[in-house]
Amino acid sequence: MIRRRSPPIQPLLMYLIFRCAGCGRHLYAEDGAATRTCPCGKRIRLDKVRVIARAEDEREAGDRVRALQMEGRKMTGFSPAG
Ligand SMILES: [Zn+2]
């Protein structure tokens, strides 16, 4: 995959980090998206969700979600279902 140089003015796309109300898993979604479907099957409306954190790019969002998952696992023994 070839990555072009960033244009001088880039729209700032944020990622929202939140928890699924169904299974408690941490997820992220692009800011501006209407819904996000959790791997557990629950569809989460992003206008109703409580945002835990924000990230500036998808990689950062993924890192934060992973960190949150690990914290949660320490406390509850939760392990992701794949
Ligand atoms: Zn879920």
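Every read-out reported here was derived from the displayed coordinates using simple, explicitly stated rules and does not represent laboratory data. Keep in mind that this is a model prediction, so the values were computed, not measured. Positions of Cβ are backbone-derived with ideal geometry, glycine not excepted, and every protein chain shown enters the neighbour counts.
Using the Cβ atoms and a cut-off under 12 Å, what net charge is assigned to the surroundings of residue 56, where Lys and Arg are +1 and Asp and Glu are -1?
Details: positive: 54, 59, 64; negative: 30, 31, 57, 58, 60, 63.
Cβ neighbours under 12 Å give a net charge of -3.
Give, as a single signed number, the net charge of other residues whose beta carbon lies under 13 Å from the beta carbon of residue 15, with Lys and Arg counted +1 and Asp and Glu -1.
Details: positive: 36, 54, 59, 64; negative: 30, 31, 56, 57, 58, 60, 63.
Summing Lys and Arg as +1 and Asp and Glu as -1 gives -3.
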| field | Coarse-grained scattering of the range 13-55 at q = 0.29 Å⁻¹, given as base-10 log I(q)/I(0) from a Debye sum over alpha-carbon atoms | value | -1.07
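Counting only other residues whose beta carbon sits under 12 Å from that of residue 35, what net charge do I get with K and R as +1, D and E as -1? Could you put the intermediate results ahead of the total?
Working: positive: 36, 42, 43, 45, 48; negative: 30, 47.
Taking every Cβ under 12 Å from that of residue 35, the sum is +3.
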